[in-house]
Amino acid sequence: LGFNQIPNPKIIEKECCTRAYLAGAFLSCGSVNNPETSNYHLEMSFNEEEFAQFIADLINRFELNAKIIKRRNKYVVYLKSSEKIGDFLRAIG
């Protein structure tokens, strides 16, 4: 299982549904580090670049400046700013 297919647009039409979808993606594929041991960092890892871009675009609907990097055959959507990470976590509930 996991997140790898772009859903029907109706699923993410409403903001509340977008938030719920992102929460599911984060729970399925995401992690956040302990800021006491290194810099702030939240990421979600995906097999497909197109899907990673889709997730980054959803995150950026909330003006969070998500970026994508390729790492070991995966596409990683990430946030580095502590403020943006906090905003993302609040957005997904």
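Every number here is computed from the coordinates shown, using simple stated rules; none is lab data. Values in this document were obtained by computation on a predicted structure and should not be read as measured data. Using ideal geometry, Cβ is built from the backbone for each residue, glycine included, and neighbour counts are taken over all protein chains shown.
Here the calculated FRET efficiency for residue 10 and residue 33, from their Cβ-Cβ distance with R0 = 30 Å, stands at 0.30, rounded to the nearest 0.05. As a proxy for reagent exposure, ranking 92, 69, 55 by other Cβ atoms within 10 Å from fewest up yields 69, 92, 55. Taking every DSSP helix (H) stretch of at least 4 residues in the chain, weighting each as -39,500 (n - 2.57) and dividing the sum by the residue count yields a mean residue ellipticity at 222 nm of -13000 deg cm²/dmol. Here the translational diffusion coefficient of the chain follows from Stokes-Einstein with Rh set to the Kirkwood radius across Cα pairs; for 37 °C and 0.692 mPa s it amounts to 247 µm²/s.
For the options 25, 52, 66, a Gaussian network treatment of the chain with springs between C-alpha atoms closer than 10 Å singles out 25 as fluctuating the most. Judged by the mean number of other Cβ atoms found within 10 Å, the most tightly packed of the peptides 10-20, 70-80 leads the ranking 70-80, 10-20.
Rounded to the nearest 20 debye, the dipole size of the chain about its Cα centre is 120 debye, using +1 on the Cβ of Lys and Arg and -1 on the Cβ of Asp and Glu. Note on residue 50 and residue 82: the model spin-label points, each 7 Å out from Cα along the C-beta direction, lie 4.0 nm apart. In plain terms, the chain from residue 20 to residue 67 could stretch by 14.9 nm, reckoned as 0.36 nm per residue minus the Cα-Cα distance.
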